[in-house]
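Take a look at the structure below.
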Amino acid sequence: MHDPGIHRPGELWPSTAYARQVERLRAAVGQTVYLVELEASDTHMAVRQTGRGHILLDVLDFPRPDPARGLAPHLVLLDDGRGINLGRILRISLGRAFDPSPAQLVYQDEPLRHRLLLGERTLSKGFIADRSRRLLGQILGRGAPPALDTPGKEPDNRAD
């Protein structure tokens with residue numbers, strides 16, 4: 001699911017940029033659009049881009065938006081029978097699926113795109129060791145060592 005950090009307390013949600021993008025989406029109803037979707041489960045999050053176009057049938061109000069769960073106030077209705085919440089879409093473009101120009105972008109969740117696709121990667125030996133210890137501790141019924149709960153802190157090597 002979305003990181004709750006997508007909505008920061010004290011900031012207007014949804015933003016005015018979001019409202020402008022919803023208007024662009026509504027203007028694109030009836031046209032072929034290309035989506036970059038998020039697929040989330042309890043264990044992973046994936047980005048899916050098939051390159052297949054869909055006709056945008058409508059942009060509907062979503063009755064239960066929730067920024068903490070990544071549910072936006074609107075969903076798009078597509079010709080394949082799906083209704084997808086905008087909180088589950090990274091990008092919608094017209095004309096081309098891959099590498100669209102800025103003029104072809106109708107909707108883009110820029111903060112999420114930046115965090116997921118362009119964010120700093122933390123895959124290192126230390127990161128893998130920290131997460132492995134945390135997961136092993138959970139499997140064995142132990143809590144994670146306090147150092148693993150504090151990012152950037154090295155765990156001590158003492159036995160429990």
Looking across region 33-61 at residues that are assigned to a loop (DSSP other than H, G, I, E, B) and free of Cβ contacts under 8 Å to residues at least 24 places away in the same chain, the single one that is farthest from Glu23 (Cα to Cα) is Thr43
Of (1) in contact with a Gly (Cβ under 9 Å, 6 or more places away or on another chain); (2) open to solvent by 50 Å² or more (accessible area, probe 1.4 Å); (3) at pLDDT below 90, Arg113 fails just (1)
Of the residues in region 1-51 that are of a type in the set (Gly, Ala, Ser) and open to solvent by 70 Å² or more (accessible area, probe 1.4 Å), the one that is modelled with the lowest pLDDT is Gly10
The number of residues in region 77-109 that are surrounded by fewer than 20 Cβ atoms within 10 Å (Cβ to Cβ), acidic (Asp, Glu) and in contact (Cβ under 8 Å) with a residue 12 or more places away in the chain is 2
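The values are calculated or read from the model by the stated rules, or taken from the named source; none is laboratory data. All figures in this text were calculated on a predicted structure; none of them were measured in a lab. Neighbour counts run over all protein chains shown; Cβ positions are idealised from the backbone, glycine included. Please note that ligands, DNA and RNA were not included when accessible areas were found on the heavy atoms of the full protein model with its side chains. Shrake-Rupley method; radii C 1.70, N 1.55, O 1.52, S 1.80 Å.
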